[in-house]
Each structure stands twice: as structure tokens, then as C-alpha cells.
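Undergrad: Take this structure, written in C-alpha cells, and hold onto it; I'll ask about it next.
The values are calculated or read from the model by the stated rules, or taken from the named source; none is laboratory data. Everything numeric in this text was worked out from a predicted model, so none of it was measured. Cβ atoms come from the backbone with ideal geometry, glycine included; neighbour counts cover every protein chain shown.
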Amino acid sequence: MRLRAHPKLSGKWPPTWTPRLSRTSKKPRGEQPDKLLSVRELEGAITLEVQFEGDRFSGYLAIEDMEFRKKLLKVLNKSLYRTLRQVGSTDVDF
């Protein structure tokens, strides 16, 4: 199944994007970001940093299921520097 269609990500993927380092009025929607720059695990969540038209944005995925979060984190880390559309199209089997 595609990552974007995983039932545990329903209503969570893609995250809502918040500007990181600039006060830009442009904001990506959905899987628009050009590049996944970094992924970090927080307690009960994963944060993503992306690039969109030269600006950086962050997104937050609340994932309480620790096993699922670890597997998702591994897939996301392997997807660095890909577009969010490519990341969402990644086949997962967990």
C-alpha cells in the first residue's frame, strides 16, 4: 500500500506546513513541497522539515503507536531529498 493511503496516517498525511525561517505568505499544500530535508522523532510524534520554492517549512505527525512510528521513521529517513509526492507514493508493508 502507498504510504499516503496507510490507515494509521488517515487525516494526518500530509501534515499542515508551517514556515520555519521566513515570514513568507506562500505556503505549500498537501504534497507540494519540493524536498524532504529532515525527519526527527519526538515523543509520540514525527516532525518533518521540507523545502518549498526556496523556503523551509515544518510539519508534525502525531503517531502514538511506537512500533508504527519507528517503521515510518525508517521509511522517511530513507526518503530524504525526495519530493513529498514521491514520499507519499512509497510502498509500505507495515
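Undergrad: Tell me the residue from Val87, Val75 that is in contact with a helix residue (DSSP H, G or I) (Cβ under 8 Å, 6 or more places away or on another chain), over 30 Å from Arg23 (Cβ atoms) and surrounded by 15 or more Cβ atoms within 10 Å (Cβ to Cβ), please. Walk me through it before giving the result.
TA: Values: Val87 fails: over 30 Å from Arg23 (Cβ atoms).
After applying the criteria, what remains is Val75.
Undergrad: Something else about it: Being exposed (fewer than 14 other Cβ atoms within 10 Å of the Cβ) and either modelled with pLDDT under 95 or among the charged types (D, E, K, R) (or both) narrows it down to one of Lys12, Lys26, Lys35, so name that one. Spell out the reasoning first.
TA: Details: Lys12 fails: exposed (fewer than 14 other Cβ atoms within 10 Å of the Cβ); Lys35 fails: exposed (fewer than 14 other Cβ atoms within 10 Å of the Cβ).
Being exposed (fewer than 14 other Cβ atoms within 10 Å of the Cβ) and either modelled with pLDDT under 95 or among the charged types (D, E, K, R) (or both) holds for just one of Lys12, Lys26, Lys35, which is Lys26.
Undergrad: Here's a check for you: in segment 13-49, which residue that is of a type in the set (Lys, Arg) and assigned to a strand (DSSP E or B) is farthest from Phe94 (Cα to Cα)?
TA: Initial filter on segment 13-49 (of a type in the set (Lys, Arg)): 20, 23, 26-27, 29, 35, 40.
Then drop every residue that is not assigned to a strand (DSSP E or B), which leaves 35, 40.
Details: Lys35: 24, Arg40: 20 Å.
Here the answer is Lys35.
Undergrad: Do you know which of the residues in segment 50-85 that are in a strand (DSSP E or B) and under 20 Å from Ser10 (Cα atoms) is farthest from the chain's Cα centre (by Cα)? So that I can check it myself, show each step before the final result.
TA: Step one: list which residues in segment 50-85 are in a strand (DSSP E or B), which gives 50-52, 55-62.
From what's left, under 20 Å from Ser10 (Cα atoms): 58-62.
On the way: Ser58: 9, Gly59: 6, Tyr60: 7, Leu61: 7, Ala62: 11 Å.
The residue in question is Ala62.
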